[in-house]
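The structure appears below as structure tokens.
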2 protein chains.
Amino acid sequence: MVEISRRRAIEDVASDLFRERGYAATSIRDIARAMSLQGASLYAHVASKEDVLWAIVDRAAGRFEVAADGAERDAETRRPGDPAEALGALTRAHVDVLTSDVDAAGVFVHEWRSLDPGHRDAILSRRDAYQARFQRRIEDGIAVGAFAMTDPAIATSTLLSAINGIAAWYDPNGRLPANRIADHLVELSLRMVANP
Amino acid sequence: MVEISRRRAIEDVASDLFRERGYAATSIRDIARAMSLQGASLYAHVASKEDVLWAIVDRAAGRFEVAADGAERDAETRRPGDPAEALGALTRAHVDVLTSDVDAAGVFVHEWRSLDPGHRDAILSRRDAYQARFQRRIEDGIAVGAFAMTDPAIATSTLLSAINGIAAWYDPNGRLPANRIADHLVELSLRMVANP
DNA sequence: CCTCCTAACTAACGATCGTTAGGCTAGGCG
DNA sequence: CGCCTAGCCTAACGATCGTTAGTTAGGAGG
């Protein structure tokens, strides 16, 4: 976690605090205090408090999107047209992004409500598009008989909620390494939608 | 939704706002404005802002606990010793409580961090005990071969996250009635842990 | 040496926060 | 009629909020 810029250091500290206490309950002076600075000093690097939140959320969203791109490409190379392979790869990619920076990912998952209306709308449509990628793979699986369920939309929401739950308890120094957790979540997720 | 007391009306309005914007982002004056009152007027009925949050969270927790009691009793009557029956009943009871008052349940799920340290600790141990009831049924199922998974603790967390995800999108006036949603979640949950 | 840049500082702004104090009004009941 | 209570009001408290302005310290480059 080397500071490449002062701006980025602020975002990292803010991610930590926003995740722990929430955006509204964290003041600019709280962030500054965690860096041994005065509150006003942050405004040399940052336009506003919401600007910091947006930077964190936007970057986290981008990391999820890029990871999903790679996962779908890899799955298609490995087992073309296999919905379980594709959905498993998407799930694993999601868990990887989540565990590689729990603070930022947790802020992305829980604090997007605090964004300005414009930013909130933007992130909501990106989130919808992201969720649609999962739902598409689930519908593919139903079409070929690999998956089975009554309502794909609810299944997709439920699947993503299940994975995102990791952000509530994951500890980078905990008993389980991130890739073990990913194994587990992929197993549970695929079983949830599989045709029994 | 008849007001039985002024105090309770405040808690209902607060549940709505706390769920929509979060506890820290909701002011006493916001709550009062939603009731066409002055902020200070609320203090005739309420000791503090945290007092309102605690009342909401405490009551919601109690409803989950009572529902789980009934579910385990019913399941034991219907199919004694059947882990799938018991876990399914617990899941359905949880969904029922959640959908019967999404606002309060959503506050319970997401806003317990904002409680005073004492109240937060109290709610955390109750939540642990509640979660342990689910985990116990999962372990029962593994013991008799009905369920199968690598890590029951992770499976329990994941299952509850999946169900609680409902709070993020459930709309009492939406396309699906609550009992349909419960059917769905029970199906997905049991398949997630079942021995394939 | 002078200049510029980065990064921090102190001081203060108006707004809003949770909360307290004290007073007014309307209705029920003797 | 007089009292009580419930429910709400206005006014204000000190604290904290996000943010702006102006200044200072130190190092790099000409």
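The values are calculated or read from the model by the stated rules, or taken from the named source; none is laboratory data. These figures come from a predicted structure and were not determined experimentally. Glycine also receives a Cβ, built like all others from the backbone with ideal geometry; neighbour counts cover every protein chain displayed. Note: areas computed on protein heavy atoms with side chains; ligands, DNA, RNA excluded. Shrake-Rupley method; radii C 1.70, N 1.55, O 1.52, S 1.80 Å.
The table below gives the values:
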item: Helical contribution to [θ] at 222 nm, DSSP H n ≥ 4, -39,500 (n - 2.57), averaged over chain A, rounded to 500; result: -23500 deg cm²/dmol
item: Cα centroid of region B:1-41 to Cα centroid of region A:122-136, whole Å; result: 33 Å
item: Gain upon complete extension [residue A:113, residue A:76; 0.36 nm per residue less C-alpha separation]; result: 9.9 nm
item: Pseudo-label separations to other copies for residue B:21 - Cα-to-Cβ vector, 7 Å, nm; result: 1.9
item: Inter-copy spacing of residue A:128 label points, which lie 7 Å from Cα along Cα→Cβ, given in nm from shortest upward; result: 4.2
item: Coil-residue GluC sites (Glu not before Pro) of region B:1-74, DSSP, other Cβ within 10 Å capped at 15; result: B:3
item: Residue among B:140, B:121, B:12 with the largest mean-square fluctuation in a Gaussian network model of chain B, springs linking Cα atoms under 10 Å; result: B:121
item: Peptide A:181-190, shielding by other chains (average Cβ, 10 Å cutoff); result: 4
item: Reciprocal mean inverse distance between Cα atoms of chain A - Kirkwood radius, Å; result: 17.9 Å
item: Trypsin sites (Lys or Arg not before Pro) within region B:151-196, DSSP loop, no more than 14 other Cβ atoms inside 10 Å; result: B:175
item: Burial of 30 Å² or greater, region B:12-33 residues [accessible area, probe 1.4 Å, versus chain by itself]; result: B:24
item: Under-5 Å amide H pairs with residue A:147, H placed in peptide plane, nonlocal only; result: A:142, A:195
item: Position residue B:6, label points 7 Å along Cα→Cβ, spacing to each other copy in nm (shortest first, one decimal); result: 5.3
